[in-house]
Amino acid sequence: MDEENILKFVQAYLKKKGFKQTEHAFQEELQHNKTAQNSSSPVSSNSQFDADIAKRLRSFSESENGAAQYHDGYSKLRSWTYSSLDLYRFELLRVLYPVFIHCFMDLVANGHIHEARAFFNSFREDHEMMHLRDLQKLEGVLSPSHLEEMEFAHSLRQSKVNIKICQYSYELLLQFLHKSQSTTVLGIINEHINFQVSPGQPSSITDDAEAVTLIGSSQDPVNQINQKEIHWGLLEDSLEERLEKAGALLSDSEKAEGETKEGEWDDNKKKTVEAGKQGAPTKKLKKDKATGTTGKATRPDTNVVTIAPRVKPELPLPTIPPEVEQSILDDLRNRVQLSSVALPSVSFYTFINTHDGLNCSSISHDGSLVAAGFSDSSLKIWDMAKLGQQTVGSVLQGDNDATPTSNGGKRSYTLFQGHSGPVYSATFSPAGDFILSSSADSTIRLWSTKLKGNLVCYKGHNYPVWDVQYSPVGHYFASASHDRTARIWSMDRIQPLRIMAGHLSDVDCVQWHSNCNYIATGSSDKTVRLWDVQSGECVRVFLGHRSMVLSLAMSPDGRYMASGDEDGAIMMWDISSGRCVMPLMGHTSCVWTLAYSGEGSLLASGSADCTVKLWDVTTSTRVSKTEENKSGNTSRLRSLKTLPTKSTPVYSLRFSRRNLLFGAGVLSKAV
């Protein structure tokens, strides 16, 4: 081995370990030596280097690239981490996953394919619970070229992982790495992990949402995006503002009376509807036509909020018909103020006899209409008032007893046919006179609930459309698709007004901001993005979810946003800062739907675990660190009530303008 090769090994080692200053000093010394040699008599290069040194460097280089080094290094780190004290083990376990995936990818990059597969299969069980989807993607990496071709793997190799850890845990890790002398693991940690060391005690499990995040090359654009200015307030001259100026808000006693009247009216309409208290533990995948759908987060579109700033609309707003405006004002005047001690009444609609064909459900703003999309490409709407007039025992039938019978019986619903693929989403207009549906046929259709027919077919997406949502003022709507884009439409144009592109995977759900100037999108890439509807630009990226985001909801004042994922976690976000305010843990399966109450004090969540949960999300009841340490989990303090069903996964939730909570789901045989 000549001098030139040895110098290359040394430079490669310094570069691999990330010792930039040492590498720079080494290069300067080499340059200085070359200058000195040129001015003096030439000397044999091999005489300057001992043969034993060259041998050691060669063996060191080979050992560095050897497959056994990765397996042994990770195995030692894993054993040491699991044997650590319980107090620090939780923080130290965060280091294992990034080390694991980079060991695997380095083995593949070095051409050790069989060793990489053996390593992957040996330790994958440690990470399947939290990172199953990532592991499924990495399973497809079978050659060095795949690391460059696969966008996910390439992003991981180009980025760093930011891990929060306390000072003592960090020192324990450094001591272990020094004693173990595992240069392979040390190199991976130096190159791909950035530690945020904080004084004090180890962080609790509730802080884990933001404890591990991607930084580096992929995070830089995110930081730049999150610096953009946004205006989260409510629209000027809204109906709520008019009520405030007129001083027409009712007293609590009058509102309570209004709720009683509303409850009586709804009871008369729906007394024959089977109250849903049922659910299924099976997960619902959107590609599965029998059970696949994305949760719909529905936000009441008019709310009395006094502290929210007022902003101007960026889109031309439609004129509200006088009769609709009067109806909304009446509802606002009679709204019941909810709180942690005043929980809402709940009306739950249960679908039966659907034969695993129901994909989605939607409820109108007053709860009088319920829609359902099916795998046979049909959309069906039930009128609760008419359903209540039928014989005792009537329920929401899916396929059976739903068509005209030979003895002259009438179907209990209105059937809408036009799609050529499964219907994945449906949404009512604020007035309830229109309904939109999206399908696997890549189209969106507009239907009239009064004319009972199809009006428009909107074409633009190239793949199945998973979600569609009306804006709070109507006329405009947003869609989310498998083609990784979200699009904004207006009812009077067949082409989209804006196309939002930026997600790395399916856009699974979409939700409008309260002031209609922004839309939020949740994706299978585990991120939530906020988009400006006027410019089409992404103005916020929310990082923290560990699985696909299935549902979204905006607070009535527009300041906060809630998102639910496939693992059952709910994140509350501050839209201004882009930071997670509070993770809400409690569901054990997919969170398919989220809804804020009218005044924004409560958040309702519906899940595949067959429960509806009510959460206290008021800022005045923010949990302090002292209370958190005493309780061990802030989610328990914020969870107000869990409403279990017998065997009904919760597909959709909606608060009426008077703060009555409506829900819908399909009866499942699995218990």
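Within the stretch 409-420, restricting attention to residues that are crowded, with 17+ Cβ neighbours inside 10 Å and not hydrophobic (A, V, I, L, M, F, W, C), the residue that is nearest to the chain's Cα centre (by Cα) is HIS419.
Summed over the stretch 593-609, residues that are in a strand (DSSP E or B) and either open to solvent by 10 Å² or more (accessible area, probe 1.4 Å) or not hydrophobic (A, V, I, L, M, F, W, C) (or both) total 5. If the condition is being assigned to a strand (DSSP E or B), closer than 20 Å to HIS482 by Cα, polar (S, T, N, Q) and out of contact with any Phe, Trp or Tyr (no Cβ under 6 Å at 6 or more places or on another chain), then the stretch 411-462 contributes SER425, SER437, SER439, THR443. Residues of the stretch 433-469 that are closer than 20 Å to PRO321 by Cα and hydroxyl-bearing (Ser, Thr, Tyr): SER448, THR449.
Once the stretch 542-551 is narrowed to residues that are surrounded by 23 or more Cβ atoms within 10 Å (Cβ to Cβ) and in a strand (DSSP E or B), the residue that is farthest from the chain's Cα centre (by Cα) is PHE542. Across the stretch 320-340, what is the total count of residues that are among the aliphatic types (A, V, I, L, M) and open to solvent by 50 Å² or more (accessible area, probe 1.4 Å)? So the answer is 1. Could you tell me whether the stretch 352-375 includes any residue that is modelled with pLDDT under 80 and either touching a helix residue (DSSP H, G or I) at 6+ places or on another chain (Cβ under 6 Å) or farther than 26 Å from THR648 by Cβ (or both)? No, the stretch 352-375 contains no residue that is modelled with pLDDT under 80 and either touching a helix residue (DSSP H, G or I) at 6+ places or on another chain (Cβ under 6 Å) or farther than 26 Å from THR648 by Cβ (or both).
Residue-by-condition table, conditions (1) over 32 Å from the mean Cα position of the chain (by Cα); (2) assigned by the TED database to the domain that holds TYR170; (3) farther than 19 Å from ASN190 by Cα; (4) at pLDDT 85 or above:
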{"site": "HIS71", "(1), (2), (3), (4)": "yes, yes, no, yes"}
{"site": "LEU96", "(1), (2), (3), (4)": "no, yes, no, yes"}
{"site": "HIS114", "(1), (2), (3), (4)": "yes, yes, yes, yes"}
{"site": "SER143", "(1), (2), (3), (4)": "no, yes, yes, yes"}
{"site": "PHE152", "(1), (2), (3), (4)": "no, yes, yes, no"}
{"site": "SER155", "(1), (2), (3), (4)": "no, yes, no, no"}
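For every residue, the table says whether it meets (1) buried (at least 24 other Cβ atoms within 10 Å of the Cβ); (2) closer than 28 Å to THR319 by Cβ; (3) of a type outside the set (Phe, Trp, Tyr).
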{"residue": "VAL465", "(1), (2), (3)": "yes, no, yes"}
{"residue": "GLN469", "(1), (2), (3)": "yes, yes, yes"}
{"residue": "VAL473", "(1), (2), (3)": "no, yes, yes"}
{"residue": "SER481", "(1), (2), (3)": "yes, no, yes"}
{"residue": "MET491", "(1), (2), (3)": "no, yes, yes"}
{"residue": "PRO496", "(1), (2), (3)": "no, yes, yes"}
{"residue": "MET500", "(1), (2), (3)": "yes, yes, yes"}
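The residues on offer are MET585, MET561, MET572, MET554, and the sole one that is open to solvent by 10 Å² or more (accessible area, probe 1.4 Å) and of a type in the set (A, V, I, L, M) is MET585. The condition (being in a loop (DSSP other than H, G, I, E, B) and without any contact (Cβ under 8 Å) to a residue 60 or more places away in the chain) is satisfied by just one residue among LEU107, LEU156, LEU142: LEU142.
Okay, residues lined up against (1) basic (Lys, Arg); (2) at pLDDT 75 or above; (3) under 23 Å from PRO583 (Cα atoms):
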site	(1), (2), (3)
LYS160	yes, yes, no
LYS164	yes, yes, yes
HIS178	no, yes, no
PRO202	no, yes, yes
LEU214	no, no, yes
ARG242	yes, no, no
ALA246	no, no, no
GLU254	no, no, no
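Close contacts from the stretch 184-202, counting a first residue that is in the same structural domain as LEU92 (by the TED database) and a second that is open to solvent by 60 Å² or more (accessible area, probe 1.4 Å) and part of a strand (DSSP E or B), with Cβ to Cβ under 6 Å and a gap of 6+ residues or different chains, come to HIS192/LYS160; ASN194/LYS160; GLN196/LYS164.
What number of residues within the stretch 570-591 are in a strand (DSSP E or B) and either touching an Asp or Glu at 6+ places or on another chain (Cβ under 9 Å) or of a type in the set (Lys, Arg) (or both)? Break it down stepwise before answering.
First, the residues of the stretch 570-591 that are in a strand (DSSP E or B): 570-574, 579-584, 591.
If we keep only those that are either touching an Asp or Glu at 6+ places or on another chain (Cβ under 9 Å) or of a type in the set (Lys, Arg) (or both) as well, we get 571, 579-581, 583, 591.
The number of residues fulfilling the criteria is 6.
Beta carbons closer than 8 Å, at least 6 apart along the sequence or on distinct chains, pair a first residue in the stretch 342-355 that is farther than 10 Å from PHE662 by Cβ with a second that is among the β-branched types (Val, Ile, Thr) and in a strand (DSSP E or B) for THR350/VAL666; PHE351/VAL666; ILE352/VAL666; THR354/VAL666. The stretch 468-516 holds strands (runs of 3 or more DSSP E) entirely within its bounds, and those carrying 1 or more residues that are over 15 Å from the mean Cα position of the chain (by Cα), free of Cβ contacts under 8 Å to residues at least 24 places away in the same chain and in the same structural domain as SER555 (by the TED database) map to 485-490, 498-501.
Just to be sure, is VAL539 outside any loop (DSSP other than H, G, I, E, B), surrounded by fewer than 24 Cβ atoms within 10 Å (Cβ to Cβ) and at pLDDT 90 or above? Yes, satisfied.
Looking only at the stretch 614-663, how many residues end up being hydroxyl-bearing (Ser, Thr, Tyr), buried (at least 17 other Cβ atoms within 10 Å of the Cβ) and modelled with pLDDT of 80 or more? So the answer is 7. Scanning the stretch 119-135 for residues that are over 29 Å from PHE90 (Cβ atoms) and either open to solvent by 40 Å² or more (accessible area, probe 1.4 Å) or without any contact (Cβ under 8 Å) to a residue 24 or more places away in the chain (or both) turns up nothing.
The set of residues in the stretch 330-360 that are under 24 Å from GLY600 (Cβ atoms) and of a type in the set (Ser, Thr, Tyr) comprises SER339, SER340, SER345, SER347.
The values are calculated or read from the model by the stated rules, or taken from the named source; none is laboratory data. Predicted model, so just to flag it, every value in this text is computed and none were measured. With ideal geometry, Cβ positions are generated from the backbone for all residues, glycine too; neighbour counts draw on all protein chains shown. Surface accessibility is based on the protein's heavy atoms, side chains included, excluding ligands, DNA and RNA. Shrake-Rupley method; radii C 1.70, N 1.55, O 1.52, S 1.80 Å.
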